[in-house]
Amino acid sequence: MAVVVATGGSAVGCTGDSPDGRQTPAAPPRPVVESSPYLCDFVPEKAFQEVTGLNIGLNVRWAGPQTDNGLCLAHAKGRQAPLGVRWSYNDGADIVRRQQEDTATQSYPLPREMGEGLAVIRPTSGANPRPNYVIALFRCGGKRPWISIDFAPVVRGRDAVQDMFEFMRIAQKRFGEILECTPKP
């Protein structure tokens, strides 16, 4: 997977323009749409900006070579990374099961056509830069990979759970394109 450097970006938005870059969307939220360029190879940059309201430059870095797993963070100057993406061919069933057993946070099961997994909005009180978390375990060719995406809070008026599902749909499709396999539940 290629390392991508994103030059567009944004900061979490909720209420008008503020010193930290927060903005309120002027129009009803648009659906998450797949388009290039991608952050961490799997998340459409423009959709990520619209969903989170981020208005800052992001520097995308993969941690080492991606042979059977990968970790990518989209870093923002002067703040914690607002986007993290992980994937692996290893231990997917155990990881998903542990997430499902965590009763501290309400979870939302993935639509059946996306495989096994869930979406969670972790309580944050501002301490967690990526409270939105989605994970999917699916089939791709003869393997059973999993992908997780965690990202900054969404702007007011958006459905964070639906946005997570849409980001995962796109990530699974991109995974199949990049690794030359067909994603299935």
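Residues checked against (1) among the β-branched types (Val, Ile, Thr); (2) modelled with pLDDT under 95:
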| residue | (1), (2) |
| --- | --- |
| Gln99 | no, yes |
| Ser107 | no, yes |
| Ala119 | no, no |
| Asn132 | no, no |
| Pro145 | no, no |
| Ile170 | yes, no |
| Arg174 | no, no |
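The residues of region 158-171 that are without any contact (Cβ under 8 Å) to a residue 60 or more places away in the chain and crowded, with 23+ Cβ neighbours inside 10 Å, listed by number, are Met164, Met168.
Number of residues in region 24-52 that are without any contact (Cβ under 8 Å) to a residue 60 or more places away in the chain and more than 17 Å from Glu166 (Cα to Cα) equals 2. Annotation: of all residues in region 101-157 being surrounded by fewer than 15 Cβ atoms within 10 Å (Cβ to Cβ) and among the acidic types (Asp, Glu), the one that is nearest to Phe167 (Cα to Cα) is Glu113.
Right, Val96: of a type in the set (A, V, I, L, M) and more than 23 Å from Glu34 (Cβ to Cβ) or not?
Numbers: of a type in the set (A, V, I, L, M): yes; more than 23 Å from Glu34 (Cβ to Cβ): yes.
Here the answer is yes, as Val96 does meet what is asked.
Taken over region 65-89, the criterion of being in contact with a strand residue (DSSP E or B) (Cβ under 8 Å, 6 or more places away or on another chain), modelled with pLDDT under 95 and either exposed (fewer than 15 other Cβ atoms within 10 Å of the Cβ) or among the β-branched types (Val, Ile, Thr) (or both) is satisfied by Asp68, Lys77. Being assigned to a loop (DSSP other than H, G, I, E, B), at negative phi and in contact (Cβ under 8 Å) with a residue 40 or more places away in the chain is a property that Asn55 has.
Listed conditions (1) out of contact with any helix residue (DSSP H, G or I) (no Cβ under 9 Å at 6 or more places or on another chain); (2) modelled with pLDDT under 95 are all met by Pro31, apart from (1).
The values are calculated or read from the model by the stated rules, or taken from the named source; none is laboratory data. Quick caveat: nothing in here was measured; it's all calculated off a predicted structure. Cβ sites come from the backbone with ideal geometry, for glycine too, and all protein chains shown count toward neighbours.
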